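Below is one structure, written out as structure tokens; comments come after it.
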Amino acid sequence: MTKRDYYEVLGVARNASDDEIKKAYRQMALQYHPDRNPGNAEAEESFKEASEAYEVLRDPEKRGLYDRYGHDGLRNTGFQGFTNFDEIFSSFSSIFEDFFDMGPRTRRRRTGPMRGDDLRYDLQIEFMTAAKGDTKKVEIEKEESCETCGGMGYPEGSPPTACNVCGGAGQVRRTQGFFSIATTCSQCRGSGVVYSEVCKGCRGSARILKKKPLSLKIPPGVDHGSQLRLVGEGGPGRNGGPPGDLYVVLHVEPHEFFERDGDRLICQIPISFPQAALGAEIEVPTLDGTDVLKIPRGTQTGDVLRMRGQGMPNVRSGRKGDLQVHVFVKTPTGLDERQEELLSELGELLGDKAIGEDKEPTPFSKVKDYIKKNLR
């Protein structure tokens, strides 16, 4: 399903201010809020769509990417839209407080297993690593379950008790006119329980920050901006939920000789006048060392010669692209007297052939015709 333009969703101009965007979202949140439209699937989708648009447009970085590249520009940000209302209320708890003057942070309690957060790691690699592939050792810093308390957040023998403010619900429902919304319990912070004692290792968070070494396999043919997904290497899950994934974003350094265009490689090679006129075989650098390139007779500056299968491998199929060699004829300098005599004699012998006598008009023939007509 094609996503609608976010500015169109909120009904604002592309140069709308932050306040205008926030005001437009507030109106849509009031109109399509699920508590006001129970059982209305269409209203729920409109609420999710508006929330997704606001999540992007309220963030200067995400908004900048969206303005330049559209929905495709958000792929590397880790934001893929909202799938349920818990995510929306969790992200916009402070926003809803401002909208409805609800006091403490608003959050729907999640009592079931929750998947851990996806993480991002940026890795810079050399051009040849992208071409050949390699295995890299990296070290990431991420949260893991506390070993002291086994991820519970409290010492063994000191289990939590039900919160006496919310009765263990984790939420306090507030009503303002026709509108009703649940807010996070200020005492238990949405957990529904309170602790008489917390784990000293994690201070009750059930998690600790640790460095973890990883072995990352880079396949041949990756490009700048490619993402590698490591399943289960993201943040730890909650309440028995699975861990998230780790996305490694690759940044490929430029090469001193080759330029890349998809699976094609491009380079520039100088040749001498005799090689261009008579043809030759020269050695050209490739990803695998060197290879012989045949220069046809009469090659001109700007001609492009193709070397099949000497480009970058396709990251999916493994098939290599081509190497495009852009040749240019290098004019000799620093000639001695004998060389100048020979070159002058050759020029006299060739005459017009020195610059070509093609049937089709060339820049040289146009210049000659202009001199004949206007300067003689």
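Just so it is clear, none of the values below were taken in a lab; they were calculated from the coordinates. In this text, all values refer to a predicted model and were calculated from it rather than measured experimentally. Using ideal geometry, Cβ is built from the backbone for each residue, glycine included, and neighbour counts are taken over all protein chains shown.
Quick notes on this structure:
- Each Lys or Arg adds one and each Asp or Glu takes one away; over the other residues whose Cβ falls under 11 Å from the Cβ of Val284, this sums to -2.
- Calculated FRET value between Thr301 and Phe257, using beta carbons and R₀ = 30 Å, to 0.05: 0.95
- Residue-span extension gain [Ala280 to His326] - 0.36 nm each, minus C-alpha spacing: 15.0 nm
- Seen from every direction in turn and averaged, the convex hull around the alpha carbons of region 1-83 projects onto 5.5 nm².
- Non-local Lys pairs in region 122-252, i.e. 8 or more apart or on different chains, that have alpha carbons under 27 Å apart: 18
- Here r is the Cβ-Cβ distance between Val165 and Asp117 and R0 is 30 Å; the resulting FRET efficiency, rounded to 0.05, is 0.60.
- For Phe273, the shell of other residues with beta-carbons less than 13 Å away shows a net charge of +2, using +1 for Lys and Arg and -1 for Asp and Glu.
- Between Arg75 and Leu228, the contour length at 0.36 nm per residue exceeds the alpha carbon distance by 53.8 nm.
- In nm, spacing of pseudo-spin labels at Leu350 and Asp19 (7 Å Cα→C-beta vector): 7.3
- The length gained on full extension between Ser186 and Asn40, counted as 0.36 nm times the residue separation minus their Cα-Cα distance, comes to 49.5 nm.
- Packing here is the average count of other Cβ atoms within 10 Å per residue, and on that basis the peptides 222-230, 333-341, 47-55, highest first, run 47-55, 222-230, 333-341.
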